[in-house]
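What follows is a set of notes on a single structure, which appears directly below.
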Amino acid sequence: MTVQLSRAAADEPARTATGPSSWLSRVGRLLHDPKVLRGASFFDQALISAANFVTTVVLARHYSSEEFAAYGVSLALAITLQAVQRTTFVLPMTLLGDRVFRRRSAGVAGQHLLILTVVLTVGLAVVAGGAALGVFHVSLEAMLSFLACLVIFFSLDFDRAFQLKNGRPLWPMIGSGLYLSVNLVLASLALWARLPFLAYVGAVAAFGVAKTLVGMLSVTRPNFGHGALLLLRSLRTNFGWSGAGTLASAGFIHAPQLVLASFAPALNVAAYTAVRTPMQPLGLLLRSLDVVDKFQFSKIDVTDLGAQNRQALRTWFIYLAISALAAVAACLAAGPLLGFVLGPKFAGFTTSFRLCAVALALSCSIQPLETLIYRLGRYKGYALCQMTGAGFALVVAPLLVHAWLDVGATTAYMLGWIVAYVATLAFVIWPMMARRSLAGAASAA
């Protein structure tokens, strides 16, 4: 009897090792493997990019220039607000330790819903005011477009980081797959049933709201009281120079478009938005890599200065090489690429497209450096560099837009990025890394 019990006890670990719990643990470890995370993040970005690509192409080809221009202005405002949200709330959340994040998860969810509500209200008021005063060539189309763009783009980075930090790397892919499916259905209705523009963007907005709520409630119940406290704390600690710099970056990213929209024909305003579409795969690739790279960067020991420097430089060189190759290829194939993607209406805007390709390459490649800057809290220096680029772009944008319309707007956009990028390298990154290298050598000695 004793021998039989001993054999049963000896056999028990073997059965447990191959049981359901063992398989679940293996799947869990596999989903947290960096290579798998990068693949999942890339696929998620691919689905989002495909959905946005479908939307942009359908709106550019099958709706009026006035309606597409309204979409472009609304997209610019939504992305500007998303950038502020990303640097003030999402990036600090991504770099939190796992234990700290788990304690704050419900509060973080409540904070996001509070922010979304406030920004949506203020943003719609701005668009409505601009339409009423005749500042933009927009109306109800712009307001619904802004709602759709905001709920989709404002939640992209947050939803992805929130689910990843909660140990659910597959959820963003599921949501993105549903988003692509909705866009394909709407595109089909636009092509064959002449779906009205307002119905198209209204359906996108409704899906964006549902996606955010379902994804969040499947993880936790938002705590609005804790969320309000986190919101106030984030505004005090993160918004200052970080938010100011991000808002300043709008001076050379989206302000030229708003200047263009104030007096240029709707076709030129629409072209400023349209020419970015063929470069979406570059943003897709690097943003998917950046989500996982930031997640991995948060696991580096804060005292290991050398490891942080090496990780930031290594990823920056990779992003820079990919961006440069994509920009060169886009410039060489500008005409055929625009004609294939956007059709004959925008095929002639090759100069704007080439300038936009250079600017987008710069904006995509700087992401690893931003990770290091925000990890170390060097907001002020980076913000001042962005303000320098924004000030330069704002000075030249009215003159260039008045002379060359969309080409002038994209030129101001590109020059602003060049000034900000060079200033960041010269006055923030290299001095910071030099000081950290000296500190690391001194501590090693």
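In this structure the chain gives 43 Å² per residue of accessible area when probed at 1.4 Å with all protein chains present. Among the listed options [x] 21.2; [y] 26.8; [z] 23.4, the one matching mean projected area of the Cα convex hull in nm² as calculated from these coordinates is [y]. A cut-off under 9 angstrom between Cβ atoms defines the neighbours of Thr371, and their net charge, with Lys, Arg +1 and Asp, Glu -1, is -1.
In this view, the solvent-accessible surface of Asp304, computed with a 1.4 Å probe and all protein chains in place, comes to about 70 Å². Note on the chain: dipole from Cβ charges, positive end direction compared against Ile79, Phe43, Leu282; the farthest Cα belongs to Phe43. For the pair Ala403 and Phe317 in one chain, pulling the backbone fully straight at 0.36 nm per residue adds 27.3 nm over the alpha carbon distance.
Per-residue packing, averaged as other Cβ atoms within 10 Å, sorts the ranges 209-218, 76-85 into the order 76-85, 209-218, beginning with the highest.
Over the chain, dividing the summed -39,500 (n - 2.57) contributions of all DSSP H runs of at least 4 residues by the number of residues returns a 222 nm mean residue ellipticity of -28000 deg cm²/dmol. Surface composition of the stretch 196-343: carbon plus sulfur atoms hold 74% of the accessible area, using a 1.4 angstrom probe and ignoring ligands, DNA and RNA.
How large a share of the accessible area of the stretch 345-424, in percent, is made up of carbon and sulfur atoms when the probe is 1.4 Å and the other protein chains stay in place?
73
Measuring only protein heavy atoms, the 1.4 Å probe finds Cys149 accessible over about 0 Å². Relative to one another, the C-alpha centroids of the stretch 382-402 and the stretch 59-91 are positioned 20 Å apart. Projected label points at Asp301 and Arg233, each 7 Å from Cα along the beta carbon direction, are separated by 2.7 nanometres.
Close Lys pairs in the chain (alpha-carbon distance under 23 Å; sequence gap of 8 or more, or different chains): 7.
Applying 1/(1 + (r/R0)^6) with R0 = 56 Å to the Cβ-Cβ distance of Val395 and Leu191 gives a FRET efficiency near 0.80.
Going 7 Å from the Cα of Val209 along its beta-carbon direction, which residues of the stretch 75-95 have the amide nitrogen within less than 20 Å of the resulting point? Counting only backbone N, you get 75, 78-79, 82. The packing ranking of peptides 62-72, 261-271, highest mean first, is 62-72, 261-271, where packing means the average number of other beta carbon atoms within 10 angstrom of each residue.
About the Cα centre, and with charges only on the beta carbon of Lys, Arg (+1) and Asp, Glu (-1), how big is the dipole of the chain? Nearest 20 debye, please.
1140
What's the angle, to the nearest 10 degrees (0 to 90), between helix 280-297's Cα axis and the longest principal axis of the chain? Once rounded, one gets 30 degrees. Other residues whose C-beta falls under 15 angstrom from the C-beta of Leu186 contribute a net charge of +2, scoring Lys and Arg +1 and Asp and Glu -1.
Per-peptide packing, taken as the mean over residues of other Cβ atoms within 10 Å, places 427-433, 43-49 in the sequence 43-49, 427-433 from highest down. At full extension, Arg435 and Leu376 could sit 20.0 nm farther apart than now, given 0.36 nm per residue minus the alpha carbon distance.
To the nearest ten degrees, helix 2-17 and the longest principal axis of the Cα atoms of the chain are 10 degrees apart. Could you give the angle, 0 to 90 degrees to the nearest 10, between helix 224-234's Cα long axis and the longest principal axis of the Cα atoms of the chain? With both axes taken from Cα atoms, the answer is about 70 degrees.
The values are calculated or read from the model by the stated rules, or taken from the named source; none is laboratory data. It should be emphasised that the depicted structure is a prediction, and the values quoted were computed from it without experimental measurement. Don't worry about glycine lacking a Cβ; one is built from the backbone with ideal geometry, like all the others, and counts go over all protein chains shown. These area figures cover heavy atoms from the full protein model, side chains too; ligands, DNA and RNA do not enter into them. Shrake-Rupley method; radii C 1.70, N 1.55, O 1.52, S 1.80 Å.
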